[in-house]
Amino acid sequence: MIRELMSSLIFLSLCKEFGNFVISALFFRRSFLNFNSNFGFMAKKKKKNREKLAAFNKKNLKNAVLSLLYDDPGKTVNYKQVSSLLDIKDQESRRLVNVVLEELCENNYLEVVSRGKYRLKSRGGYLIGLVEIQPQGFAYIRSEEIETPVMVSARNLNHAMEGDKVRVQLYARRKKHEQEGEVVEIIERAKKFFVGTVQRTKNYAFLIPSGKMGFDIFIPADSLNNAQDGQKAIAEISEWPANAKNPVGRITEVLGNRGDNDAEMHAILAEFDLPRKFPPNVEKAADKIPLEIPPEEYRKRRDFRQVTTFTIDPADAKDFDDALSVRRLENGNWEIGVHIADVSYYVRPATLLDDEAYERATSVYLVDRVVPMLPERLSNGVCSLRPNEEKLCFSAVFEMNDQAQVLKQWFGRTLVCSDRRFSYEEAQSVIETGQGELADEILQLNALAEKLREERFRAGSIAFERVEIKFDIDEAGRPLSVYFKEAKEANKLIEEFMLLANRKVAELIGKPSKKNTPKTFVYRIHDRPDPEKLDNFNNFIHKFGYGIQLVTPKTIATSMNNLLNNVKGKKEQNVVELLAIRAMAKAEYSTRNIGHYGLAFDYYTHFTSPIRRYPDVMVHRLLERYLEDGHSVSAAKYEEMCRHSSDMEARAANAERASIKYKQVEFMQDHVGEIYPGVISGVTDWGIYVELENKIEGMVPISEIDDDFYLFDEKNYALVGKHTQRKFQLGDEVKVKIWRTNLEKKQLDFRLAMENNQPGSNH
């Protein structure tokens, strides 16, 4: 209370004298004090063994650095001073300080005073962030400048939309209230085009956008492009007058009738600004590439055509990125070849094919189709490692002993011919029975893979194994049934050798040595988890009798694996796994290596899937360049390419989830009124999310729980009745009735079954 009172008095006096800048400075100071309190830097009440929980991840470290500098805006610092001020002593975290300072400078939060010295850029009472529209209509602005988001009311958004990059003016903070502000500038629009459903009258129409838009687009009659009522279409906003409730736009493309499978899938792709087809000139460029291998390539490459080689992929796969070769050497060791399609040989820089592949950055996997990164002639033909066809590869070849230790390694271009194409199911049958084609080779690779896996987990790798939802669909795309796909030994066999190749390539280029300094490279990085999220997660799982050790990154990983193993087969498994994943950071691409926490690798990249991921193409080109002693490339250029690839990867993942959600809702249309058991998988202040036994998720709106007035207990992931104290908590078992389905919104609504909705019942 005393600190709060003093802060308020200081705030009022300084605000009068210095204006908006003080608002910002004090806000960040308070944020840092809270940060310290949470993480144990200044809070004496925290136990000593919890201090190491404060080991920074990148996000926390950015907040801490900015808080320090907002506390003293004119201060100039280098990475050593920052490390000292934040009591950072371990080498890994000190390296992370360097990365953070560079990124803050790049993102225009800091400026370079001299080499290695940085200073805060003065912003006054403003910050820059991204818009997240909430179901209630207001928005949160999330910014790297602060730890907690800024709330902006609907009337103060000033036409800002979901995902927009905006400048926000901060309001004076009211006691015990969230930081609030107003959007004063839209720096960059997240979307230019919007997909939705046409609602037409005689003289005009509206496009009702999919997703969290919060507005409809007015379409004048002369801008309809022949779109009919109820059709799915794409619109472009042409203007949005300052005082107008709705923007004005025009229909640019009609996708088809609502409910038609192709139209709906194309609408999902359009919603996330993903391509649906290749331009004709790109298709023509692909058609010109010959299937035949030029004679000179036979002389340039290491020949593996006589070595036993095979692929293992999903049964419906057509693009085969990778193959494995195996043979026993005279010295008793094993030679294992990880052979990757040589896409970079066919897709040259600064060509139509390369430009298109870069823009797409990844293949997109919807429920019923693949939208490839490369035209089919390349992805399924020229580059694909089809059986009994000679193919060009970029390979990582390892000499290993029976303990799966790598004794020698070689990287370079090769020539291969796959002997057999296995599906995962076929390979799994060989592993389980010990019989079948190439049984000896598969069993040997599986034995080595198991040892690699054991070693990886000993080093601190975390075993996240989420069940994959699949649909049986008819010719019209309608889902007939739902089933689950679980990774078995055959999947893990491929996974381990791909991980090995990715890790060894990254180490070859990135690991400092006496001879070489690290050159610019593309890494797959995964930050440490957010300590506060981990702490909250730990508090929650205590309710189920579990706990994780939060002392060091390795103890976190070990205890997390024990937890995930202990919850298998129990009712709380899915909730615990889901929250554990949410506590983790998201993996991304960067030239600034910070290691991969989830895999416990100091160096990691993506080398093994160039047919479906553009970063792998970048890695192939850089590896070729550096193997030939080429100079390092521009870090800034490649960092921008990494950012684009990470962004497109996230969009593709969102589109995939949207297609699954659509099919889930479509499947449940025939089950309205039926009652199912489920588990509460999410709790919000607008309702509870329930996951059924078939992994389909829907929501019980809070307005439908009408036996009491319910309050949201965020800390305990629960809704609590004000009068009855009845509680709906994450992980609780409930029975629900399928109430309504909304394909437009991909929304499935439940009501609690009668026995759950009795006043005073408790879970």
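Taken together, the values in this text are just the output of simple stated rules run on the coordinates, not laboratory data. All values derive from a computational prediction rather than experimental measurement. Using ideal geometry, Cβ is built from the backbone for each residue, glycine included, and neighbour counts are taken over all protein chains shown.
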Distance from region 301-318 to region 563-580 (C-alpha centre basis), Å: 37 Å
Rg in Å to one decimal, and Dmax rounded to a whole Å, for region 615-680 via C-alpha atoms: 22.1, 68
Order of 201, 76, 591 - criterion: other Cβ atoms within 10 Å of each residue's Cβ, fewest first: 201, 76, 591
Alpha-carbon gyration tensor eigenvalues x 5, square-rooted, for region 193-258, Å: 17, 13, 10
The chain, relative contact order in percent, only Cα pairs under 8 angstrom and at least six apart counted: 9 percent
Ascending count of other beta-carbon atoms within 10 Å, so fewest first, for 197, 362: 197, 362
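For region 291-399, what is the convex hull volume of the alpha-carbon atoms per residue, in Å³?
Working: hull volume 13.9 nm³, N = 109.
Looking at region 291-399, the number lands at 128 Å³ per residue.
What whole-number volume per residue, in cubic angstrom, does the convex hull of the C-alpha atoms of region 531-584 give? It would help to have the intermediate numbers written out before the result.
Details: hull volume 3.5 nm³, N = 54.
Each residue corresponds to 65 Å³ of Cα convex hull volume.
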3J(HN,Hα) from dihedral phi, region 308-322, Karplus parametrisation 6.51/-1.76/1.60, rounded to Hz, x for glycine, proline: 4, 9, 7, 10, 10, 9, x, 4, 9, 6, 10, 9, 9, 6, 9
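I need to check one value: relative contact order of region 234-319, counting alpha carbon pairs closer than 8 Å and at least 6 residues apart, in percent. It would help to have the intermediate numbers written out before the result.
Details: 41 pairs, mean separation 12.1, N = 86.
14 percent.
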C-alpha center-to-center spacing [region 161-234, region 344-358] in angstrom: 35 Å
Convex hull volume per residue in cubic angstrom - Cα atoms of region 288-328: 113 Å³
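Would you order 417, 393, 105, 642 from fewest to most other beta-carbon atoms within 10 Å of each residue's own beta-carbon?
The most exposed by this proxy come first: 105, 417, 642, 393.
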Percent of beta bridges antiparallel (DSSP, the chain, rounded to nearest 5): 90 percent
For region 126-188, projected area of the alpha-carbon convex hull averaged over all directions, nm²: 4.0 nm²
Label point 7 Å beyond Cα of residue 467 along Cβ direction - residues of region 656-691 with amide nitrogen under 19 Å: 657, 660-665, 667-668, 675-682, 689-691
Per-selection metrics, region 98-167 (Cα): Rg and Dmax in Å: 14.5, 47
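Equivalent ellipsoid semi-axes for the chain, as square roots of 5 times the alpha carbon gyration tensor eigenvalues: give them largest first, rounded to whole Å.
Working: eigenvalues 360, 239, 178 Å².
Each semi-axis is the square root of five times an eigenvalue, giving 42, 35, 30 Å.
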